[in-house]
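Please read the structure below before turning to the comments.
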Amino acid sequence: MTEIIDELSVLTGDQAPQKREDGYWFEAKTLNRSLLAKFMNEHAIRLSTMTAIERADGETDILYHFTNENVAINIRTKTAGQKIPSLGEFLPSANWIEREIHDLYAVYFEGHPDLSPLERPAELPEGFFRKEIADRLIKAKEAK
């Protein structure tokens, strides 16, 4: 496992990942998704899910959660202008997760083949989980 973590440190640019009870945590300023997907596939490490966290600076952190039978590997990166390259091109399991994050946080996954709404009702704007949009929707509802 140490070899895998060392190689992921190179891929993510994080030379000091955190080892916690719930797995390894990497911070990636830049991330070559093609190389990451290839590496994960070669080592039988699968994408479990992805999560999004709104940042105070208007961007969104994207967390990739990978697992194998031994360990959880989590990689955190952030959008630039609310855009980030799609992982779905390389790992099809990311397809619907990226669509959901697009619905909820208005993150544009560059290269994604279909960012049409997955769960979002037509009356809600994309990104309705973002604080500014949610606050605006609540105020509009209270004004009625």
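Laid out as a table, the results:
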quantity	calculated
Top-ranked residue in segment 104-144 [being closer than 30 Å to F39 by Cα and of a type in the set (G, A, S); ranked as surrounded by the most Cβ atoms within 10 Å (Cβ to Cβ)]	A106
Filter pass, S93 being without any contact (Cβ under 8 Å) to a residue 60 or more places away in the chain, outside any strand (DSSP E or B) and hydroxyl-bearing (S, T, Y)	yes
Residue that is over 16 Å from the mean Cα position of the chain (by Cα) and of a type in the set (S, T, Y), where the choices are S48, S9	S9
Segment 29-60, residues that are hydrophobic (A, V, I, L, M, F, W, C) and closer than 22 Å to R99 by Cβ	L31, L36, A37, M40, L47, M50, A52, I53
Qualifying residue in segment 105-119 (condition: under 26 Å from G23 (Cβ atoms), out of contact with any Asp or Glu (no Cβ under 7 Å at 6 or more places or on another chain) and in a helix (DSSP H, G or I))	no
Of the criteria (1) at pLDDT below 95; (2) at positive phi; (3) not charged (D, E, K, R), which one Q82 fails	(1)
Checklist (1) within 15 Å of I4 (Cβ to Cβ); (2) modelled with pLDDT of 95 or more applied to T77, failing item	(1)
Tabulated pairs, segment 123-144, first farther than 16 Å from A106 by Cβ, second modelled with pLDDT under 90 and in a helix (DSSP H, G or I), C-beta under 6 angstrom, 6+ apart or interchain	none
Near pairs, Cβ below 8 angstrom, 6+ apart or cross-chain, from segment 46-70 (at pLDDT below 95) to any residue that is small (G, A, S) and part of a loop (DSSP other than H, G, I, E, B)	N68/A44
Selection count where residues are farther than 18 Å from L36 by Cα and either more than 12 Å from the chain's Cα centre (by Cα) or surrounded by fewer than 16 Cβ atoms within 10 Å (Cβ to Cβ) (or both), scope segment 83-103	3
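Matching residues to (1) touching a strand residue (DSSP E or B) at 6+ places or on another chain (Cβ under 9 Å); (2) among the aliphatic types (A, V, I, L, M); (3) over 17 Å from S86 (Cα atoms):
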residue	(1), (2), (3)
K19	yes, no, yes
M40	yes, yes, no
H43	no, no, yes
L47	yes, yes, no
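The values are calculated or read from the model by the stated rules, or taken from the named source; none is laboratory data. All figures in this text were calculated on a predicted structure; none of them were measured in a lab. Positions of Cβ are generated from backbone atoms using ideal geometry, with glycine treated the same way; all protein chains shown enter the neighbour counts.
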